Amino acid sequence: VWIGSFVFFLAWTTLAGRWKLVPILVAGSIAAFQIPAVRTSFADFSVLMSNSSTSYEAAFAGRLISFSAAIKGYLSGSWADRLLGFGLNANPLIVYEQIGIEGGGHNNYLVILTDGGALSLLLYLVLWMGVLVLGLKLCKTHNVLASNWGKLLVSLWASYSIMGLATHLIFRLVTGEWIFWTVVGIALGMHRATKMIGKGNHSMEIMKYA
């Protein structure tokens, strides 16, 4: 989540050309690193290069061992399970069956893979890339409001792509995914409005003055 937040501000600064905000971004990152929880999270990255099974299991609040168990459980299923999934909320049950620890989740892509199968993950990734394309199209419009909204959407997309590796953005509200999909919905409306204006539909004239 910390890295996702950094990615959001970095993407926004780049897209908006607000280079004067870079010192603030750097200062904020240094300040955040003083928080013990942040330092611990970054220290856990060293575990990826470690051969210590004990450290591996404890890293990222047990997420790594949970991810490994979810993948192992998924691969042990039948071809139908791997294609169509094990069912809604199956991820924590699979993790429990593999390692006897209650948990699971904490990875958007693994949750979709285990619950809905490879087909669901593929469809989700198509949808996810479609959101990026939508944001990039808005960035290129000449309407200031629509363009800035596109930059916001692309920045959030980059951030949530990273955060999805360590948390679940589908079934929980704690990570604010409802905000993200609201931004997507408004972006769809703006994209349609700009297209209508381009075709000479004067009912959307208000967008010209935004």
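Just a few scattered comments:
- Ile65 accessible area, assembled protein chains, probe 1.4 Å, Å²: 40 Å²
- Sum of side-chain charges, Gly116 neighbourhood, beta-carbon under 12 Å (Lys, Arg +1; Asp, Glu -1): -1
- 13 Å beta-carbon shell around Ala90, net charge (K/R +1, D/E -1): -2
- Charge sum, other residues only, whose C-beta stays under 13 Å from Lys151's C-beta, Lys/Arg counted +1 and Asp/Glu -1: +3
The values are calculated or read from the model by the stated rules, or taken from the named source; none is laboratory data. Keep in mind the model is a prediction, meaning the values are calculated, not measured. Note: ideal-geometry Cβ built from the backbone for every residue, glycine included; neighbour counts use all protein chains shown. Side chains included, ligands, DNA and RNA excluded: accessible areas come from the protein's heavy atoms. Shrake-Rupley method; radii C 1.70, N 1.55, O 1.52, S 1.80 Å.
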